[in-house]
1. Which of the residues that make up region 54-95 are modelled with pLDDT under 90, surrounded by 11 or more Cβ atoms within 10 Å (Cβ to Cβ) and acidic (D, E)?
2. Of everything in region 151-166, what is closer than 16 Å to A134 by Cβ and either buried (at least 18 other Cβ atoms within 10 Å of the Cβ) or not assigned by TED's automatic domain parsing to the domain that holds P231 (or both)? Give them in sequence order.
3. Could you list, in sequence order, the residues of region 150-193 that are part of a loop (DSSP other than H, G, I, E, B) and among the charged types (D, E, K, R)?
4. Just to be sure, is W98 buried (at least 21 other Cβ atoms within 10 Å of the Cβ), touching a Cys at 6+ places or on another chain (Cβ under 9 Å), modelled with pLDDT of 90 or more and under 29 Å from G45 (Cβ atoms)?
5. Go through (1) of a type in the set (D, E, K, R); (2) modelled with pLDDT under 90; (3) in a helix (DSSP H, G or I) for E147 and report which single condition fails.
6. State yes or no: is L188 out of contact with any strand residue (DSSP E or B) (no Cβ under 6 Å at 6 or more places or on another chain), under 24 Å from P54 (Cα atoms) and modelled with pLDDT of 85 or more?
Amino acid sequence: AEEGRRDTDVGNGEGEGDDDGKGGGGSTHCTDHRIHGSAGELLEGLKDAVRSIPAYMEQSSHMVVLAPTCPYRTGNGNDDDGDWRDVCDLRTWRRRGWCRLELQCRLFSARGDGSVIVVQSAEATPWLIHPLEASRMCVGQGDFSVEDDRSVTGQVLRQLIRGKEESLARRGRIFERNYLNSITPRILDGCGVTSSSIDGDDDVNGAEDGALRSGATLLPDAESEKSGWTPLRFAVIR
């Protein structure tokens, strides 16, 4: 069985590694993960492929999205084989579920420096994706070649968001933590994650630990309340 095969599309994310040699060193990380084999091999291989994306992004200093406008050919790549199916560009990159997951992993990295640079052509000026795009590009609402992959991403995203919330809280960035907490249900929409799992696991011990969990309670922030960010306003966003 061939495990972990990744189909390459034109809209790939490319991460540049850190100088310490732990990063990707500029290697391309493809965003579609199709795994072949028995049912058991499929499940384990898929889990490994999905788990590798946050780790890859955590070791990368930034992410570069290469999304030129190009025709896409199906088949084995020979000139006389395959059909011209569609045009791949930034629009199709934004639609693909695995591309969306990679973007979320970059933006929610605990490193806190999740720059995402978009390059559409040699002549076009590169630009940065705003972090709020995460709430507009829900992974569960993206396109997947294998429909079951949609629910697999939910657990990864939930753990990723929890880690980001804990990191923000410990650094005293309470407003950002509370805002992320409020938009979490929107980010996880379509991933098959239930409201109870968003609100935290049953094995959370202690009020303080529970407060750091995704979907628990808003952390007190007098400065935010003075500027109008009351619990009611966060509840409306949620």
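1. The answer is E58, D86.
2. Going through region 151-166, the residues closer than 16 Å to A134 by Cβ turn out to be 153-154, 156-165.
Within region 151-166, T153, G154, V156, L157, R158, L160, I161, R162, K164, E165 qualify.
3. Step one: list which residues in region 150-193 are part of a loop (DSSP other than H, G, I, E, B), which gives 171-173, 188-193.
Those that are part of a loop (DSSP other than H, G, I, E, B) and among the charged types (D, E, K, R): R171, R173, D189.
4. Working: buried (at least 21 other Cβ atoms within 10 Å of the Cβ): yes; touching a Cys at 6+ places or on another chain (Cβ under 9 Å): yes; modelled with pLDDT of 90 or more: no; under 29 Å from G45 (Cβ atoms): yes.
Judged against the criteria, W98 is not a match.
5. (3)
6. yes
Per-residue answers, yes or no, for (1) farther than 15 Å from R173 by Cα; (2) in a loop (DSSP other than H, G, I, E, B); (3) at pLDDT below 75:
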residue: D201; (1), (2), (3): yes, yes, yes
residue: G210; (1), (2), (3): yes, no, yes
residue: L218; (1), (2), (3): no, yes, no
residue: E223; (1), (2), (3): no, no, no
residue: G228; (1), (2), (3): yes, yes, no
residue: F234; (1), (2), (3): yes, no, no
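The values are calculated or read from the model by the stated rules, or taken from the named source; none is laboratory data. Every value quoted in this text rests on a predicted model; they were computed, and no experiment measured them. Heads up, the Cβs are rebuilt from the backbone with ideal geometry, glycines too, and the neighbour counts pull from every protein chain shown.
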